[in-house]
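First comes the structure, then the notes that go with it.
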Amino acid sequence: MVADNLPRDLIIEILSRLPVKSLLRFRCVHRTWLCLLKSSYFITKHVQNPNNKDHGFLFIKYTDVSGMSRYKLLTHDASEVSLDLKIPFPSWASVVGSCNGLVCLYIDHPFPCTKILLYNPALRVHKIIPESTLSRPKSGRLHHVTFGLGYDSVNNDFKVVRVASSESHKEGKLVSSTQAEVHTLGMNSWKEVAISSGVNFEVYGPQAFFNGAIHWLGMVLKNKNITQVIVSFEVSTEVFKLFPLPDFVLRERWVTWTDVYKNLLCVVRTEDGAYCEIWVMEEYGVPESWTRLHAIQLSLSYPLWFLGLGMNGKLVFENLWGLTVYDPDNEEIKNVKFDHPIGMFTIVTYIESLVSL
């Protein structure tokens with residue numbers, strides 16, 4: 001075989017650039033290839049290869065006219081809906097986010113009991129995370145729960161974080177508190193993690209996994225003042241941090257989204273559906289480096305609702321029949337129609353991987 005004459009490092013480099021569908025076929029080439037493609041070293045190298053962004057998708061959930069949720073993958077160039085997905089979970093599941101080829105979903109019926117699913121659409125494998133023994137607040141009433149999924153590069157493991165806020169009455173006053181816990185996939189167990197004392201916060205909206213940390217928009221209550229911030233959770237160290245938002249953004253209007261734009265942490269401020277501003281943190285962790293990259297106003301004959309960022313920095317909107325995808329680099333607009341949608345779209349970016357469960 002020609003491959004036998006190639007250096008092993010070159011073979012690995014070539015294979016790490018290929019889509020998962022090809023790699024699954026190559027498992028049958030030779031026993032050594034099978035062992036390589038199943039190794040944690042190769043799986044990590046493959047998912048971290050920047051070339052694989054060209055094999056990326058949008059993972060989409062929407063509701064059809066029957067009231068059922070449907071799941072699809074949209075190719076990165078928005079040219080076609082490539083695959084209908086059959087999720088091994090109830091149709092009303094909510095989408096948390098995606099990280100290194102895994103998509104996280106959850107159901108909370110009956111609230112606050114929660115079931116969490118990790119799913120790899122490329123391999124069609126899934127794992128249901130056991131319910132936490134800490135799912136109920138220590139005191140008072142559970143008010144708000146948010147989840148996140150991240151990859152621990154130090155220990156080569158995945159973690160699911162759960163942040164829950166509760167309310168209780170003490171001495172006639174309403175008091176809020178926040179509790180956080182982490183499930184480590186390799187250990188298959190939950191544990192409580194610390195949150196800074198004196199600061200109560202709620203996280204909300206979709207997650208953005210970047211630079212080894214999960215990010216959400218959040219509201220922080222301190223000294224009776226509410227401030228909007230980015231809440232980050234460093235997956236390896238299991239430490240929470242708070243990043244202030246650009247002052248101009250806060251003065252104008254509340255931000256509606258945090259995401260990753262062209263390998264930079266960003267926030268998106270929206271107004272009236274079709275107007276968006278994209279602000280990026282040019283130096284991660286440095287609030288003074290917030291910079292506005294785009295101010296976009298789409299003037300179309302139909303209404304739009306901003307959903308988030310897709311592959312390669314494209315903006316994704318919901319319209320009356322499906323999605324509108326806008327590329328700010330070349331100002332190209334593409335519309336993608338779906339079968340009988342009535343809305344309630346959720347999108348997350350998804351890159352194929354060989355990660356098994």
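If you take the residues of the stretch 339-357 that are touching an Asp or Glu at 6+ places or on another chain (Cβ under 8 Å) and assigned to a loop (DSSP other than H, G, I, E, B), which of them is surrounded by the fewest Cβ atoms within 10 Å (Cβ to Cβ)?
Among residues in the stretch 339-357 that are touching an Asp or Glu at 6+ places or on another chain (Cβ under 8 Å) and assigned to a loop (DSSP other than H, G, I, E, B), the one surrounded by the fewest Cβ atoms within 10 Å (Cβ to Cβ) is HIS340.
Every residue in the stretch 258-291 that is among the aromatic types (Phe, Trp, Tyr) and in contact with a helix residue (DSSP H, G or I) (Cβ under 7 Å, 6 or more places away or on another chain), please.
Kept after step one, since they are among the aromatic types (Phe, Trp, Tyr), are these residues of the stretch 258-291: 261, 275, 279, 284, 290.
If the condition is that a residue be among the aromatic types (Phe, Trp, Tyr) and in contact with a helix residue (DSSP H, G or I) (Cβ under 7 Å, 6 or more places away or on another chain), then TYR261, TRP279 are the ones that fit.
Considering VAL249, VAL220, VAL267, VAL239, which residue is within 27 Å of GLU181 (Cβ to Cβ) and modelled with pLDDT under 90?
Among VAL249, VAL220, VAL267, VAL239, only VAL220 is within 27 Å of GLU181 (Cβ to Cβ) and modelled with pLDDT under 90.
Among the residues of the stretch 287-302, write down those that are touching a residue at least 12 places away in the same chain (Cβ under 8 Å) and more than 16 Å from LYS337 (Cβ to Cβ).
Correct list: PRO287, TRP290, THR291, ARG292, LEU293, HIS294, ALA295, ILE296, GLN297, LEU298, SER299.
Which one of these is in the same structural domain as ASN100 (by TED's automatic domain parsing), on the phi > 0 side of the Ramachandran plot and modelled with pLDDT of 85 or more: ARG124, ARG162?
ARG124
Is it the case that the stretch 193-203 has a residue that's touching a Ser or Thr at 6+ places or on another chain (Cβ under 9 Å) and outside any strand (DSSP E or B)?
Within the stretch 193-203 (the criterion being touching a Ser or Thr at 6+ places or on another chain (Cβ under 9 Å) and outside any strand (DSSP E or B)), the answer is yes, since at least one residue qualifies.
Within the stretch 204-312, considering only strands (runs of 3 or more DSSP E) that don't extend past its boundaries, which have at least 3 residues that are under 20 Å from ARG162 (Cβ atoms)?
Correct list: 213-222, 225-234, 239-244.
Cβ-Cβ distance below 8 Å, separation of 6 or more or different chains: which pairs start in the stretch 21-32 with a residue that is not assigned by TED's automatic domain parsing to the domain that holds VAL47 and end on one that is loosely packed, with under 13 Cβ neighbours inside 10 Å and assigned to a helix (DSSP H, G or I)?
Every condition considered, the pairs that remain are ARG27/LYS38.
When the residues of the stretch 271-297 are narrowed to those that are surrounded by 13 or more Cβ atoms within 10 Å (Cβ to Cβ) and among the β-branched types (Val, Ile, Thr), which ends up farthest from ASN211 (Cα to Cα)?
The extreme case among them is ILE296.
Say we look at the stretch 252-264 and pick out the residues that are modelled with pLDDT of 85 or more and closer than 16 Å to TYR326 by Cβ; which of these is surrounded by the fewest Cβ atoms within 10 Å (Cβ to Cβ)? Before you say what the answer is, go through the steps one by one.
Kept after step one, since they are modelled with pLDDT of 85 or more, are these residues of the stretch 252-264: 258-264.
If we keep only those that are closer than 16 Å to TYR326 by Cβ as well, we get 259, 261-262.
On the way: ASP259: 23, TYR261: 22, LYS262: 12.
Among those residues, the one meeting the criterion is LYS262.
Is it true that ASN5 is in the same structural domain as GLY308 (by TED's automatic domain parsing), at pLDDT below 85 and among the polar types (S, T, N, Q)?
No.
Let me confirm something: among LEU134, LEU149, LEU105, LEU117, which residue is of a type in the set (A, V, I, L, M, F, W, C), modelled with pLDDT of 95 or more and surrounded by 14 or more Cβ atoms within 10 Å (Cβ to Cβ)?
The match here is LEU149.
Scanning for something in contact with a strand residue (DSSP E or B) (Cβ under 8 Å, 6 or more places away or on another chain) and modelled with pLDDT under 85, does the stretch 23-34 turn up at least one residue?
Checked against the condition, which is being in contact with a strand residue (DSSP E or B) (Cβ under 8 Å, 6 or more places away or on another chain) and modelled with pLDDT under 85, the stretch 23-34 yields no hits at all.
Looking at (1) in contact with a strand residue (DSSP E or B) (Cβ under 8 Å, 6 or more places away or on another chain); (2) among the β-branched types (Val, Ile, Thr); (3) closer than 29 Å to PHE158 by Cα, can you tell me which one VAL286 breaks?
(1)
The values are calculated or read from the model by the stated rules, or taken from the named source; none is laboratory data. This structure is a prediction, so every number in the text was calculated from the model and none was measured. Note: ideal-geometry Cβ built from the backbone for every residue, glycine included; neighbour counts use all protein chains shown.
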